[in-house]
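The values are calculated or read from the model by the stated rules, or taken from the named source; none is laboratory data. Source: prediction; values computed, not measured. No Cβ is skipped: glycine too gets one built from the backbone with ideal geometry, and neighbour counts run over all protein chains shown.
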Amino acid sequence: MAAKVRTVERAGLSLMEKLYLPEIIKGMGLTLGHFLRNFHDTSNIIVRDYPDQKVDIPQRWRGRHRLTTREDGTVKCVACFMCATNCPAKCIFIEATEREDGVTEKMPERFDIDLIECVYCGFCVEACPVDAIRMDTGIFSVVTDNREDMLISKEELMRTPGAFKDHAKEEE
């Protein structure tokens, strides 16, 4: 049995829609209305004097990444590649090496995160089985004028302090 195909004719744009003029006038009228309302009553305008006045960041907010360390200063990461595998942006690059101190089998020789490609979803934090990567730094303004500064290395990730209390310490 052959399937019936139904063709739907698309209506063309009218002359006024092609000119976009009515929509532009509506948009300008809405903007003018907001301007005049705020010009007479400034009590509803919220202004923050950034960067002098800092923003209050909730604890669950996902900021820039950091790598946690053990008491002896070594990285907690066991180079299992779970964070890199789970990352939808594929912005985490890991190279593993054998660990000599016998704590775990391997550790990352290279652990880089490209912040330009990162979508700050937090999937890497969720996937980590040893709680080695976190996004609790409180750093919300990641700005630079060159591309190389946005590639964060393992050493810089380990130096980045956490702004909030550790969840594991809260539970104890």
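A compact table of results
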read-out	value
Residue match in the stretch 17-26 (condition: under 32 Å from the mean Cα position of the chain (by Cα) and more than 26 Å from SER141 (Cα to Cα))	no
Pairs where the first residue, in the stretch 148-172, is of a type in the set (Phe, Trp, Tyr) and the second is modelled with pLDDT under 90, C-beta under 8 Å, 6+ apart	PHE164/GLN59; PHE164/ASP136; PHE164/GLY138
Residue identified as surrounded by fewer than 15 Cβ atoms within 10 Å (Cβ to Cβ), free of Cβ contacts under 8 Å to residues at least 12 places away in the same chain and in contact with a helix residue (DSSP H, G or I) (Cβ under 7 Å, 6 or more places away or on another chain) among ILE45, ILE116	ILE45
Spans of helices (runs of 4 or more DSSP H) in the stretch 5-111 with at least 3 residues assigned by TED's automatic domain parsing to the domain that holds PHE140 and at pLDDT 95 or above	82-86
From the options THR69, THR104, THR85, residue that is in contact (Cβ under 8 Å) with a residue 24 or more places away in the chain, under 17 Å from GLY162 (Cα atoms), among the polar types (S, T, N, Q) and surrounded by 12 or more Cβ atoms within 10 Å (Cβ to Cβ)	THR69
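Residues are listed down the side, and each one gets a yes or a no for (1) in contact (Cβ under 8 Å) with a residue 60 or more places away in the chain; (2) loosely packed, with under 10 Cβ neighbours inside 10 Å; (3) not basic (Lys, Arg):
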position	(1), (2), (3)
ARG37	no, no, no
TYR50	no, yes, yes
PRO58	no, yes, yes
PHE81	no, no, yes
ALA89	no, no, yes
